[in-house]
Amino acid sequence: MAGQRPTLQRECAEVWGRRELLVNLVVRDLTVRYKRSLLGFLWSFLHPLIFMVVLTLVFGTLFAQRTPNYSAYLLSAYLAFQYFLQTTTKAMDSMAWNGPLLKRIYVPASIFPLSVALSGLVNLFLSFLPMFLVMAVLGVPFSWSLLFLPVGGLLLFVFVLGCSFGLCSLAVYFDDVRLMYEAGIYSVMYLTPIFYPLEIVPERLRPIIFANPLYYYCELIRQPVFSGQLPSGRTVLVALIWAVVMLTVGWQVLRRLSPGFFRHL
């Protein structure tokens, strides 16, 4: 009920009871994203390809000898990071966009960041198609390890959902949260081995990389694609722990702050 802190059981029941609304929100997000674009959903394929070509031209000459098939190395991690970046950024706007609906009828607040995370997940899986095309062009072998990609994507989804819960709740109360986030997230990007191989990072600085949870989620996608191997058990375990921790923390932030959303939207 409005004005009360929801329990997890009740929130899940409310979301399930409004699953038709959730589906409509996901479909709306997917269609509105490219509504005014002549190419429509083709941008889901073209955007990562264009980005990969540009960055390969910029960084490929630096890292090609260390990293054969650099384009596949870059694109696989970039797709994971881009899903995190786009979803968390859009989630911070989701409450404001849907404020009128939230004020008019009771809707579980979690449904809005959840819909953003789900539509982003669909877009991520669609983006795997141009990645497979790049693999075919470069002659990167297709291995059974690619079957792990949905598992890696789902672990990433849980982590992103937890971050989205927390960020969108804070953004309702504090307008500066989004500006601070946008300023800081690119520092995190450069602390994640997306464009460069981990081997060039001095040993004394690698603990900083390993403390970054996005490193593990990028590896969940990169290893099956680039190395043709399953991610290590340690990588999967750390990613699972981060996902559970962030979902728990994000839900608690949303739960505590959601009763006051009506006064700030």
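The values are calculated or read from the model by the stated rules, or taken from the named source; none is laboratory data. Everything numeric in this text was worked out from a predicted model, so none of it was measured. Glycine gets a Cβ as well: all are built from the backbone with ideal geometry, and neighbour counts include every protein chain shown. Only protein heavy atoms, including side chains, enter the accessible area calculation; ligands, DNA and RNA are left aside. Shrake-Rupley method; radii C 1.70, N 1.55, O 1.52, S 1.80 Å.
Using 5 Å bins from zero, what percent of all Cα-Cα pairs in segment 93-162 falls into each bin?
That works out to 3, 13, 19, 17, 13, 11, 8, 6, 5, 3, 1, in percent per bin.
Once you charge only the Cβ atoms, +1 for Lys and Arg and -1 for Asp and Glu, what is the size of the charge dipole of segment 134-213 about its Cα centre, to the nearest 20 debye?
180 debye
Kirkwood Rh over Cα pairs of segment 150-195 into Stokes-Einstein at 10 °C, 1.306 mPa s: D in µm²/s? Each step should come with its number before you reach the end.
Numbers: Rh = 12.1 Å.
Diffusion coefficient, whole number: 131 µm²/s.
Under a Cβ-Cβ cut-off of 12 Å, what is the net charge of the residues other than residue 97 that fall near it, where Lys and Arg count +1 and Asp and Glu count -1? Display every interim value, and only then the final one.
Working: positive: 28, 90; negative: 29, 93.
In short, 0.
Name the chymotrypsin sites (Phe, Trp or Tyr not before Pro) in segment 171-233 that are in a loop by DSSP and that have at most 12 other C-beta atoms within 10 Å, would you?
174
Could you provide, to the nearest whole Å², the per residue accessible area of segment 88-212 with probe 1.4 Å? Don't jump to the answer; show the numbers that get you there.
Values: 5610 Å² over 125 residues.
Ligands and nucleic acids excluded, the figure is 45 Å² per residue.
Can you pull the percent of segment 149-265's accessible area that's carbon plus sulfur, 1.4 Å probe, other chains left in place?
68 percent
Sorted from largest down, give the three principal axis spans of the alpha carbons of segment 162-265, whole angstrom values.
So the three principal-axis extents are 50, 26, 24 Å.
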